[in-house]
Amino acid sequence: MNDLSANKILVTGGAGYIGTHTCVELIEAGHEVIVFDNLCNSKAEALLGVERITGVRPELVVADLRDLPALIETFEKHEPDAVIHFAGLKAVGESVNHPLRYFQNNVAGSINLFEAMRKANVKKLVFSSSCTVYGSPKTLPIDENAPVGNTSNPYGHTKYMIEQILRELHQCNPDWNISILRYFNPVGAHASGEIGEDPHGVPENLMPYVCQVAVGKHDRVRVWGNDYDTPDGTGVRDYLHVSDLATGHLSALNKLDSNPGLMFHNLGTGNGYSVLDVIEAFRSASGQDINYEIMPRRPGDIAAVWADTSLAEKELGWKAERGLEEMCRDAWSWQKNHLNGF
Ligand code: NAD
Ligand code: WQD
């Protein structure tokens with residue numbers, strides 16, 4: 001599946017959760033990795049975890065996407081063949097309180113990156129988008145032709161805006177090769193337990209919160225609503241193992257080599273699980289009691305979303321391999337050995 005020849009890949013946001021897992025897969029496939037990250041939501045130590053798994057510590061450029069000269073210098077110095085662009089802010093709640101911060105960091109920062117790529121004549125890009133661009137789905141599962149843009153918060157809107165910028169960029173410059181990956185809900189950790197999710201403060205997302213309940217940092221999971229039109233009334237999502245998600249990026253790079261152009265793919269499992277399914281799976285994988293309490297709905301949440309993954313399977317030759325049990329098992333082995341993260 002991942003048989004592309006060795007390349008030098010610039011990974012923006014490579015010290016973060018999905019970035020570190022993707023660095024592992026890139027290095028194991030024989031690529032050279034340069035990480036560009038301002039460490040605003042990660043630590044340099046995360047790359048030591050990458051080194052413990054792979055034997056290679058990626059070079060880290062500590063710099064900000066909003067600093068165009070730093071980007072230009074990085075391209076001049078390292079001469080990458082391609083870019084995987086993870087860097088960005090991702091907290092939905094924070095984006096509602098600080099929308100300009102999100103547009104500045106994610107949208108303006110991405111434009112700087114594309115400008116530095118243009119100057120350096122690097123035209124191969126994989127971009128981290130999100131199922132959030134679909135808003136509240138009309139039909140399930142969601143395929144890539146579903147309408148996009150009806151997002152309910154500034155974070156989601158930055159993803160939509162960057163997608164639109166990339167569409168235009170490709171239309172005006174068809175020699176750019178761009179893969180836009182719409183992730184569903186990435187969870188879990190590398191099976192080694194060396195790297196995992198290290199959220200700052202109290203996590204907004206379900207799995208890291210459940211992990212923190214399991215180690216006693218919180219007394220219960222607050223389940224946001226049990227009156228949705230779903231089998232048990234709680235929200236349903238397409239949870240996806242982060243290592244499966246990481247290999248999706250290699251498949252995308254591979255595809256850009258064999259079939260240049262602009263492409264959009266959902267990366268999910270195609271299965272929907274409820275909040276109570278996740279709590280039960282985690283209890284079973286960890287052997288820990290997970291107390292929970294039903295609370296009112298969280299504003300902006302949708303009832304259910306899961307992916308139609310057939311396009312990624314057909315065009316990228318990629319399919320998620322790990323199930324919910326493995327996601328919980330790996331999240332738990334990371335959490336119990338890293339009570340305070342990296
Ligand atoms: P993360 O916060 O762990 O990683 C993002 C990294 O980008 C961090 O290391 C952070 O320090 C860095 N960064 C942020 N702004 C930067 C800037 N201006 N300059 C340089 N570095 C900067 O997040 P993640 O979960 O690994 O997400 C990676 C990407 O995937 C993000 O673009 C996110 O929006 C997208 N995504 C994440 C999820 C999810 O649930 N985790 C789902 C869909 C899409
Ligand atoms: C999952 C389910 C909650 C926490 C978010 C972003 C999305 C994407 C992925 C980046 C929902 C419920 C949660 C808790 C709960 N990120 N829940 N108690 O909302 O599907 O997606 O992350 O692009 O853009 O919006 O993920 O993990 O927050 O919630 O009951 O303490 O768990 O209501 O049903 P979500 P999540």
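In the chain, how does Rg compare with the Kirkwood Rh, expressed as the Rg/Rh ratio over alpha carbon atoms?
Details: Rg = 19.0 Å, Rh = 20.2 Å.
Radius of gyration over Kirkwood radius for the chain works out to 0.94.
Given an 8 Å cut-off on Cα distances and at least 6 residues of separation, report the relative contact order of the range 16-71 as a percent.
Values: 61 pairs, mean separation 20.9, N = 56.
Reported as a whole number, the value is 37 percent.
In percent, what relative contact order does the range 176-317 have, based on Cα pairs under 8 Å that are 6 or more apart in sequence?
Values: 227 pairs, mean separation 52.7, N = 142.
Computed over the range 176-317, the figure is 37 percent.
Please compute the Kirkwood hydrodynamic radius over the range 199-342, one decimal place, Å, based on all pairs of different Cα atoms. Walk me through the numbers on the way to the answer.
Numbers: mean 1/r = 0.0603 Å⁻¹.
By the Kirkwood definition, the hydrodynamic radius is 16.6 Å.
Can you pull the one-decimal nm distance between simple spin-label points at Arg222 and Met295, each 7 Å off the Cα toward Cβ?
About 0.2 nm separates the two model spin labels.
Considering Cα pairs under 8 angstrom that are at least six residues apart, work out the relative contact order of the chain and quote it in whole percent. Before the final figure, lay out each step's value.
Working: 696 pairs, mean separation 65.6, N = 342.
The value is 19 percent.
Using 26 Å as the Cα-Cα cut-off, could you pick out the over-long pairs in Lys90/Lys217; Lys77/Lys319; Lys90/Lys138; Lys43/Lys90; Lys43/Lys314? Walk me through the numbers before you get to the answer.
On the way: Lys90/Lys217 23 Å; Lys77/Lys319 36 Å; Lys90/Lys138 24 Å; Lys43/Lys90 16 Å; Lys43/Lys314 37 Å.
Beyond 26 Å: Lys77/Lys319; Lys43/Lys314.
What three numbers, in Å, describe the spread of the alpha carbons of the range 8-61 along their principal axes, ordered from the longest?
28, 20, 17
Excluding Ile111 itself, calculate the net charge of residues whose Cβ lies under 15 Å from the Cβ of Ile111, where each Lys or Arg counts +1 and each Asp or Glu counts -1. It would help to have the intermediate numbers written out before the result.
Numbers: positive: Arg66, Arg118, Lys119, Lys159, Arg167; negative: Asp64, Asp67, Glu115, Glu163, Glu168.
For residues surrounding Ile111, the net value is 0.
Neighbour counts of other C-beta atoms within 10 Å: give me Arg237, Arg329, Arg283 arranged from fewest to most.
Details: Arg237 25, Arg329 20, Arg283 16.
Result, fewest neighbours first: Arg283, Arg329, Arg237.
Report, to the nearest 10°, how far helix 275-286 tilts away from the longest principal axis of the Cα atoms in the chain, using its own Cα long axis and a range of 0 to 90°.
Helix 275-286 sits roughly 90 degrees off the main axis of the chain.
None of the figures in this text is laboratory data; all of them are computed from the coordinates on show. Fair warning: this is a prediction, and the values are worked out from it, not measured in the lab. Here Cβ is always computed from backbone atoms with ideal geometry, including for glycine, and neighbour counts include all displayed protein chains.
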